[in-house]
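In what follows, a single structure is set out as structure tokens and then discussed.
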Amino acid sequence: MRLKLSQLQNIHAGRPAAVLGGGPSLPGDLARVPRNAVLIAVNYHALRLCRAAYMVYNDDPQSDPRLQAAVASTRATRVSPDWMTTDVEFDVDAWTGFYSSNTATWLALWMGCDPVLLCGMDCYQGERVYFHEYDHDAPCFHYPLEEHLRPWREEGRHRLPNVERVRAMSGPLGSIFGLYQEAV
């Protein structure tokens, strides 16, 4: 029996969450995440570094053998709006945006997490697009930065519940959400 997204509302109220992309900054960002944070992997990348509680993906797992293998083997709760492999039924109007990271951020906020830290989200800028080796190319690797920021700026600021809780650990999304400052 699948969980319903409505059942996850405020399940982690007040706990920090880290939404883990796959960019080159992820290992350094992950080292700064508060110890009690809920870890949410975006696709499969972060699963190489940690054990996440949730794995969020918007893409069809059959489109990428690495994603398919991760979906099949993860112990994380699998969250996807459109695929039969998900453990969570989307029974509420969730913002899935353009990227899996959009869905993951919405999920963290829906679950009541505070703050929600965006980690390893370098928006495919720089010489490397992932922190790990990869042997493929994708059109999104070549989009200008503004194309990656657009969904966050134009839709996310309005569709994310309690958006004021979101902070970027590093990278370009800091220009939209501000950068996380550890408590001293």
For the range 17-27, the count of residues that are polar (S, T, N, Q) and either free of Cβ contacts under 8 Å to residues at least 24 places away in the same chain or under 11 Å from Ala104 (Cβ atoms) (or both) equals 0
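Among the residues of the range 78-89, write down those that are under 15 Å from Trp106 (Cβ atoms) and either exposed (fewer than 14 other Cβ atoms within 10 Å of the Cβ) or polar (S, T, N, Q) (or both).
Initially, the range 78-89 is screened for residues under 15 Å from Trp106 (Cβ atoms), giving 79-82, 86, 88.
Matches in the range 78-89: Ser80, Asp82, Thr86.
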Tally of residues being β-branched (Val, Ile, Thr) and loosely packed, with under 14 Cβ neighbours inside 10 Å across the range 1-51: 1
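Quick check: anything in the range 141-154 within 14 Å of Phe98 (Cα to Cα), over 13 Å from the mean Cα position of the chain (by Cα) and among the aliphatic types (A, V, I, L, M)? I'd like the intermediate steps shown before the answer.
Step one: filter the range 141-154 for residues within 14 Å of Phe98 (Cα to Cα), giving 143, 146-154.
So of that shortlist, the ones also over 13 Å from the mean Cα position of the chain (by Cα) come out as 143, 146-151, 153-154.
In the following step, the residues that additionally are among the aliphatic types (A, V, I, L, M) were identified as 149.
Yes.
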Scope the range 110-141; condition of a type in the set (Phe, Trp, Tyr) and touching a helix residue (DSSP H, G or I) at 6+ places or on another chain (Cβ under 8 Å); matching residues: Trp110, Tyr124, Tyr130, Phe131
Please find, among Arg167, Arg157, Arg128, the residue that is of a type outside the set (Gly, Ala, Ser) and in contact with an Asp or Glu (Cβ under 9 Å, 6 or more places away or on another chain). Arg128
Any hit, the range 122-143, residues being surrounded by 14 or more Cβ atoms within 10 Å (Cβ to Cβ), out of contact with any Pro (no Cβ under 7 Å at 6 or more places or on another chain) and more than 17 Å from Leu20 (Cβ to Cβ): yes
I'd like the full set of residues that are over 17 Å from the mean Cα position of the chain (by Cα) and β-branched (Val, Ile, Thr), limited to the range 61-95. Thr85, Val92
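With the requirement that a residue be exposed (fewer than 15 other Cβ atoms within 10 Å of the Cβ) and touching a Lys or Arg at 6+ places or on another chain (Cβ under 7 Å), what does the range 90-110 give you? Show your work before the answer.
Applying the first criterion (exposed (fewer than 15 other Cβ atoms within 10 Å of the Cβ)) to the range 90-110 yields 91-93.
Of everything in the range 90-110, just one residue is exposed (fewer than 15 other Cβ atoms within 10 Å of the Cβ) and touching a Lys or Arg at 6+ places or on another chain (Cβ under 7 Å), namely Asp91.
Is it true that some residue in the range 171-178 is at pLDDT 95 or above, closer than 19 Å to Ala41 by Cβ and in contact with a strand residue (DSSP E or B) (Cβ under 7 Å, 6 or more places away or on another chain)?
Yes, that holds for at least one residue.
Quick one: which residue in Leu47, Leu39, Leu30 is touching a Cys at 6+ places or on another chain (Cβ under 7 Å) and in contact (Cβ under 8 Å) with a residue 24 or more places away in the chain? I'd like the intermediate steps shown before the answer.
Working: Leu47 fails: touching a Cys at 6+ places or on another chain (Cβ under 7 Å); Leu39 fails: in contact (Cβ under 8 Å) with a residue 24 or more places away in the chain.
The conditions single out Leu30.
The values are calculated or read from the model by the stated rules, or taken from the named source; none is laboratory data. A quick note: this is a predicted structure, and the numbers were derived from the prediction, not measured. When we count neighbours, we look across all protein chains shown, and the Cβ atoms used for this are built from the backbone with ideal geometry, even at glycine.
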